[in-house]
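**Q** Structure below; questions to follow.
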Amino acid sequence: MTVTDLKTTLESGVKDALMALYGPDAAALPVSLQTTRKEFAGNYTVVTFPYTRVAKQKPDEIAEKLGAYLKENLELVSDYNVIKGFCNLSVADSFWQEFLLSIYENTDYGRQPDNGEKVMVEYSSPNTNKPLHLGHIRNNLLGYATARILDAAGYEVYKVQVINDRGIAICKSMLAWKKFGEGATPASTGTKPDHFVGKYYVLFEQKFKAEYLDWQSSSVGEAVYAEKAKEGQSPEAFFKAYKNTYFNEYSQLGQEAKQMLQNWEAGDEATVELWKTMNGWVYAGFGETYDRLGVDFDKLYYESNTYLLGKDIIEKGMASGTFFTKEDGSTWVDLTDAKLDEKAVLRSDGTSLYITQDLGTAQLRYQDFGVNKMVYVVADEQNYHFQVLFEILKRLGEPYAEGLHHLNYGMVDLPTGRMKSREGTVVDADDLMDEVIGEARAASADRETTSDLSAEEKERIIDQIGLAALKFFILKVNPKKRMVFDPKESVDMQGQTGPYVQNAYVRTQAVARKAGERDLSLASQHTSLESGEVDLINQLYTFPSIIEEAAENYDPSVVATYCYELAKAFHKFWHDYSILSAESEATISFRLALCKAVGNVLRTGMNLIGIDMPDRM
């Protein structure tokens, strides 16, 4: 019996009771069945207020009669209590016992059977001009966890990313290295290769700022300010707003960067070779970070290969009337009826825009995988872009258009404000992982529980603890919420943290080691359950529905919160009840089975969000 089956059985029983007690008019009303609040006895609660008009009785009277009827006539209900018109039903111990004994050895418990649907999850998609940073960590963790949860929910999942390896930002790093690098390489400087390239992106910005300041005080800059500044606008405010125009019209560095981009697009051999070399450095660095973070991909797409895609879609859309051409030759789509305004899809010179590329890439992925759904993990700053993309694909009649979803997430700020890549104020992913693992190492230094392990095994456990602290801190937050990352708070080993959940799992493994090889068949003789046992089993019972909820909403925080609540309940059980010194062999066997089931579910749940569980810590 699933959670849904259990509730359905109870709801059916309530309807039978209403029919018997109050007739068909009462039985025709919907049943409101909720999980009983923790401060009250019981497992499920029937809300009786909707029946007062038909029953012509007060809620307490209805609740009392319903409870008595169900206890008498429905074997599943062992007891009830009435609190202010709410009828709290207790499910029979025999049900919980039978359920536990059916799942405690099932390491795949919670996973759903294949549903025949395919889904693509796109995440990460970095630029190749800088290393991955804290924002990328949230993106990667959300994408990877969502993919694993969808897989557990029965989908055939494909994990992909588009690597943004072309454009003016890439050329800035290339130009800075060409002008100022003096032939240095990651190997010659002992620098992680993506960090090496990122330093030149920051260097370009520093050189550009210096050039811009010099120009502001030049005769040309002063003349531009005199001619174009708004009345009363200070020089500082004007030049801050004029920065992009300066880059495009006056900057020597800007002209060189744009020329480099034109050379790349024209296939200039020297430029393409430099591009390949520096991108190769970045790819190697990204690979190290991904491996360490524990995420992977089934296929990589490169913007350098996809930026021309989509033009054939535009041509077909023109024929069907989806798109139209303006006087300057640019191509547009009118989405005003969807409150999305008009949107350009091709420039007047026929070149592609980002929306053009994304149209083509979506079609390419459908051809590659035949997916029913596509999930794009991209920050909420791109909400409008994806609303437009999805609306266009629907109007084009693409077969996958109804299965598109933008998993938009809030940005990650530092306590001091937003991060800025060009100014070098980001928190690099590698540095962040070093920090949390260092905190885990410091916290584990004096623990005797791992004193007998090899240095290599200790380091592996420390890595698992540190990364759990980082990942859980990020994933326990609902994706749509903007969050502030506080390094000190993230590595707190107490409270709602990854290490807290890991410790609950470690306890399940410790008691199993201490118990040794045992025949747990006597567990079936433990028939009178304690409230703490029922609470734990009830939580285990809901695990499949947790996976379904997280998959339906593309929300890994649902799984993270569940794991924390299960760990908290187990820690309480650990303190309140004896396990190996319980009063009978039957009770010992039952509680060992319960510990094993909790351990299996904690490991499965945390693995769904990309967190490994150590056996000791």
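**Q** Here are Tyr123, Tyr144: which of them is among the aromatic types (Phe, Trp, Tyr) and either farther than 23 Å from Asn279 by Cα or in the same structural domain as Phe473 (by TED's automatic domain parsing) (or both)?
**A** Exactly one of Tyr123, Tyr144 is among the aromatic types (Phe, Trp, Tyr) and either farther than 23 Å from Asn279 by Cα or in the same structural domain as Phe473 (by TED's automatic domain parsing) (or both), namely Tyr144.
**Q** Would you pick out the residues in region 149-178 that are of a type in the set (Val, Ile, Thr), over 30 Å from Ala468 (Cβ atoms) and buried (at least 24 other Cβ atoms within 10 Å of the Cβ)?
**A** Of everything in region 149-178, just one residue is of a type in the set (Val, Ile, Thr), over 30 Å from Ala468 (Cβ atoms) and buried (at least 24 other Cβ atoms within 10 Å of the Cβ), namely Ile170.
For every residue, the table says whether it meets (1) in a loop (DSSP other than H, G, I, E, B); (2) modelled with pLDDT of 90 or more; (3) of a type outside the set (S, T, N, Q); (4) not assigned by TED's automatic domain parsing to the domain that holds Lys596.
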position: Ile462; (1), (2), (3), (4): no, yes, yes, no
position: Leu470; (1), (2), (3), (4): no, yes, yes, no
position: Pro479; (1), (2), (3), (4): yes, yes, yes, no
position: Lys488; (1), (2), (3), (4): no, no, yes, no
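**Q** Further, regarding this structure: Which residue is nearest to Tyr69 (Cα to Cα), if the candidates are limited to region 9-49 and must be exposed (fewer than 14 other Cβ atoms within 10 Å of the Cβ) and among the polar types (S, T, N, Q)?
**A** So, considering only residues that are exposed (fewer than 14 other Cβ atoms within 10 Å of the Cβ) and among the polar types (S, T, N, Q), the one nearest to Tyr69 (Cα to Cα) is Ser12.
**Q** Is at least one residue of region 586-596 closer than 30 Å to Gly143 by Cα and either at pLDDT 95 or above or out of contact with any Leu (no Cβ under 8 Å at 6 or more places or on another chain) (or both)? So that I can check it myself, show each step before the final result.
**A** Our first condition is that a residue be closer than 30 Å to Gly143 by Cα; within region 586-596, this holds for 596.
The next check asks that each one be either at pLDDT 95 or above or out of contact with any Leu (no Cβ under 8 Å at 6 or more places or on another chain) (or both); those that pass are 596.
Within region 586-596, one or more residues are closer than 30 Å to Gly143 by Cα and either at pLDDT 95 or above or out of contact with any Leu (no Cβ under 8 Å at 6 or more places or on another chain) (or both).
**Q** Identify the single condition in (1) under 20 Å from the mean Cα position of the chain (by Cα); (2) surrounded by fewer than 23 Cβ atoms within 10 Å (Cβ to Cβ) that Thr146 does not satisfy, given that it satisfies every other one.
**A** (2)
**Q** Considering only region 103-118, I want to know if a residue exists there that is of a type in the set (Gly, Ala, Ser) and in a strand (DSSP E or B). First the steps, then the outcome.
**A** Within region 103-118, the subset of a type in the set (Gly, Ala, Ser) is 110, 116.
Add one more test, that the residue is in a strand (DSSP E or B), and what stays is none.
For region 103-118, residues of a type in the set (Gly, Ala, Ser) and in a strand (DSSP E or B): absent.
**Q** Tell me, yes or no, whether region 371-389 has at least one residue that is in a loop (DSSP other than H, G, I, E, B) and under 27 Å from Lys118 (Cα atoms). Steps first, please.
**A** Let us first name the residues in region 371-389 that are in a loop (DSSP other than H, G, I, E, B), namely 371-372.
Okay, now just the ones that are also under 27 Å from Lys118 (Cα atoms), so 371-372.
Checked region 371-389: at least one residue is in a loop (DSSP other than H, G, I, E, B) and under 27 Å from Lys118 (Cα atoms).
**Q** Scan Thr45, Thr36, Thr9 and give me the residue that is within 21 Å of Asp535 (Cα to Cα), out of contact with any strand residue (DSSP E or B) (no Cβ under 8 Å at 6 or more places or on another chain) and in contact (Cβ under 8 Å) with a residue 40 or more places away in the chain.
**A** Among Thr45, Thr36, Thr9, only Thr9 is within 21 Å of Asp535 (Cα to Cα), out of contact with any strand residue (DSSP E or B) (no Cβ under 8 Å at 6 or more places or on another chain) and in contact (Cβ under 8 Å) with a residue 40 or more places away in the chain.
**Q** To continue, here is another question. Could you pull out the residue among Gln496, Gln509, Gln502 that is modelled with pLDDT of 95 or more, within 22 Å of the chain's Cα centre (by Cα) and under 25 Å from Gly110 (Cβ atoms)? Give the steps one after another, and end with the answer.
**A** Values: Gln496 fails: modelled with pLDDT of 95 or more; Gln509 fails: within 22 Å of the chain's Cα centre (by Cα).
Selected residue: Gln502, the only one of Gln496, Gln509, Gln502 that is modelled with pLDDT of 95 or more, within 22 Å of the chain's Cα centre (by Cα) and under 25 Å from Gly110 (Cβ atoms).
**Q** Any residue in region 552-560 that is more than 29 Å from Ser451 (Cα to Cα), among the acidic types (Asp, Glu), without any contact (Cβ under 8 Å) to a residue 40 or more places away in the chain and not in a helix (DSSP H, G or I)?
**A** No - not one qualifying residue is present in region 552-560.
**Q** Hey, another quick one. Among the residues of region 282-299, which ones are within 23 Å of Arg365 (Cα to Cα), out of contact with any strand residue (DSSP E or B) (no Cβ under 6 Å at 6 or more places or on another chain) and surrounded by fewer than 20 Cβ atoms within 10 Å (Cβ to Cβ)?
**A** Tyr283, Gly287, Tyr290, Asp296
**Q** Which of the helices (runs of 4 or more DSSP H) contained wholly in region 244-333 include at least 3 residues that are outside the structural domain of Phe196 (by TED's automatic domain parsing) and closer than 25 Å to Ser124 by Cα?
**A** Qualifying helices (runs of 4 or more DSSP H): 269-293, 303-306.
**Q** Among the listed residues Leu536, Leu529, identify the single one that is assigned to a loop (DSSP other than H, G, I, E, B), at pLDDT 95 or above, in the same structural domain as Ala468 (by TED's automatic domain parsing) and not basic (Lys, Arg).
**A** Only one candidate passes the filter, namely Leu529.
**Q** Identify, by number, the condition in (1) under 28 Å from Ala284 (Cβ atoms); (2) of a type in the set (Val, Ile, Thr); (3) part of a helix (DSSP H, G or I) that Val224 doesn't meet.
**A** For Val224, the exception is condition (1).
The values are calculated or read from the model by the stated rules, or taken from the named source; none is laboratory data. None of the values given here were measured: they were computed from a predicted structure. Positions of Cβ are backbone-derived with ideal geometry, glycine not excepted, and every protein chain shown enters the neighbour counts.
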